[in-house]
Amino acid sequence: MKGKVMRNYFFLFLFLWVGSVGAQNQPVILDEHNVVELNDAKEWDRFIKSWEAVPLEMNAQNEVEIQNLAIYDDLVVVRGIRDQMENILLFDISGKFLRQIGSQGDGKEQYGVIGWVRVDPLEREIGVYDGLWGKRYVTYDFEGNFKGSGACEDYMHYMRRVYPLEKDRYLGYFACSLNRLCYFISDKEFTKFDTLRPHYVRFPLGVVDFSIHPITIYDGRISFVAPLCDTIFEYDGHKLQPRFVTKVHRSVPDDFAPGHKDYLTWVARLKREKGYFSKDEIYETKNWFVITYETGKLMYNKKTEKAFYMPKNVAMRGDMIYPDDLWGESGEKLVAVYTPGELLAMKDKMEKEGVVLTKRMKQFFRQVETERQSVMIFYTFK
């Protein structure tokens, strides 16, 4: 779903500093010695053990244009637009619609312009923050009941990708000043911050959601991706330190100095003039660490210490939908989301290219044509 890189141009500047970090452990260097370049669709069998398609139960009453989707244990939280209004919907992991959370408006129990949504499985609570116009936040329980509201500082509108680590301890990133964005550790009230190390990149049009999945947490290990940077960091409980450094499929050249460069201009310029592509998201399973790009995926096998790059433009197969548009993780599975329009466009392309569909794929596309539902696809990696 190409709307997945959602850019909210609400603030003037965004920074992230990723300078040298004293690492206790040496990072994994991904270069020509341990990265294998692939170009055959059959090679997906190296990675994917199985896949399962799960339609999201939507109808005329709850259908939205999905802007964001996140999975917390067995709960799927969707943020989407319907009739120009922002909506928050809950589904279970099987795609069954559970309920809508609150509604947008001026009422006491309603939320205003959504800056970000905090989902806390530990407290079974959802907070909606509007620091732009209403200067307030509203909280609901997982059953959709209103719990309370409070004042919201301006900076709270610009928080992004906030993850609960444990009771009263959160991890995320936000615009921490006029000219800076910081990854942080915070308390529940978001008034006490432990800001993690920065690096400067300028965003003239506002806070940009440069990644829909910039943080991955697996088995207690927390990793980060940064804009205009070839280092993947991890948080060791005290500081950031390099975990991976990409020397192939890089995002910036050796002589690139972030400084006060304009992020959007430089992403486009580096891609157009020099063939560099920014890293979009990161994901982790028991055996794999996955880095996504606009053009493909770099997948590192943690057991063999070998990596593989699979481009997006490989020929289509008749027995699967490739995991091109990953949105999140569910246990050992990575999750992609597609609209019915996107899926049927894939079907048309397969037919034009003479791809022979398996019985399962024919049945899947018939279901998409009949139900016209957005679909989550869960990929179990080997």
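The values are calculated or read from the model by the stated rules, or taken from the named source; none is laboratory data. Note that the structure is predicted; figures quoted are calculated from it, not measured. As a convention, Cβ positions derive from the backbone with ideal geometry for all residues, glycine included, and neighbour counts pool all protein chains shown.
Run down ILE88, ILE114 and say which single residue is free of Cβ contacts under 8 Å to residues at least 60 places away in the same chain, among the β-branched types (Val, Ile, Thr) and in a loop (DSSP other than H, G, I, E, B).
On inspection, the qualifying residue turns out to be ILE114.
Strands (runs of 3 or more DSSP E) fully within the stretch 298-382 that include at least 2 residues being among the β-branched types (Val, Ile, Thr): 333-338, 375-381. Within the stretch 218-271, the residues that satisfy the criterion of being more than 18 Å from the chain's Cα centre (by Cα), within 23 Å of GLU37 (Cα to Cα), among the β-branched types (Val, Ile, Thr) and outside any strand (DSSP E or B) are VAL248, VAL252. Residues of the stretch 129-166 that are assigned to a helix (DSSP H, G or I) and either closer than 22 Å to LEU98 by Cβ or of a type in the set (Gly, Ala, Ser) (or both): none at all.
For the stretch 51-85, a tally of residues being surrounded by fewer than 19 Cβ atoms within 10 Å (Cβ to Cβ), free of Cβ contacts under 8 Å to residues at least 40 places away in the same chain and not acidic (Asp, Glu) returns 8. Within the stretch 340-361, the set of residues being under 26 Å from LEU298 (Cα atoms) and surrounded by fewer than 16 Cβ atoms within 10 Å (Cβ to Cβ) comprises ALA345, LYS349.
Taking every residue in the stretch 128-156 that is crowded, with 17+ Cβ neighbours inside 10 Å and pairing it with any residue that is in a helix (DSSP H, G or I) and not basic (Lys, Arg), at least 6 positions away or on another chain, the pairs with Cβ-Cβ distances below 6 Å are TYR129/MET156; GLY131/ASP154; GLY131/MET156; GLY131/HIS157; LEU132/HIS157. Of all residues in the stretch 284-317, none satisfies the criterion of being small (Gly, Ala, Ser), over 21 Å from VAL252 (Cβ atoms) and modelled with pLDDT of 95 or more.
Applying a threshold of 7 Å to beta carbon distances and a minimum spacing of six or more residues, or different chains, the list of pairs starting in the stretch 29-50 at a residue that is on the phi < 0 side of the Ramachandran plot and ending at one that is surrounded by fewer than 12 Cβ atoms within 10 Å (Cβ to Cβ) reads ASN34/GLU305; ALA41/ALA315.
Looking only at the stretch 317-339, how many residues end up being within 16 Å of LYS297 (Cβ to Cβ) and surrounded by fewer than 18 Cβ atoms within 10 Å (Cβ to Cβ)? Of the residues in the stretch 317-339, 1 are within 16 Å of LYS297 (Cβ to Cβ) and surrounded by fewer than 18 Cβ atoms within 10 Å (Cβ to Cβ). Of all residues in the stretch 241-250, none satisfies being hydrophobic (A, V, I, L, M, F, W, C), modelled with pLDDT under 85 and surrounded by 20 or more Cβ atoms within 10 Å (Cβ to Cβ).
Contact map, the stretch 322-334: first residue closer than 13 Å to LYS49 by Cα, second residue of a type in the set (S, T, N, Q) and surrounded by fewer than 20 Cβ atoms within 10 Å (Cβ to Cβ), Cβ cut-off under 7 Å, separation 6 or more or different chains; pairs are GLU332/THR380; LYS333/THR380.
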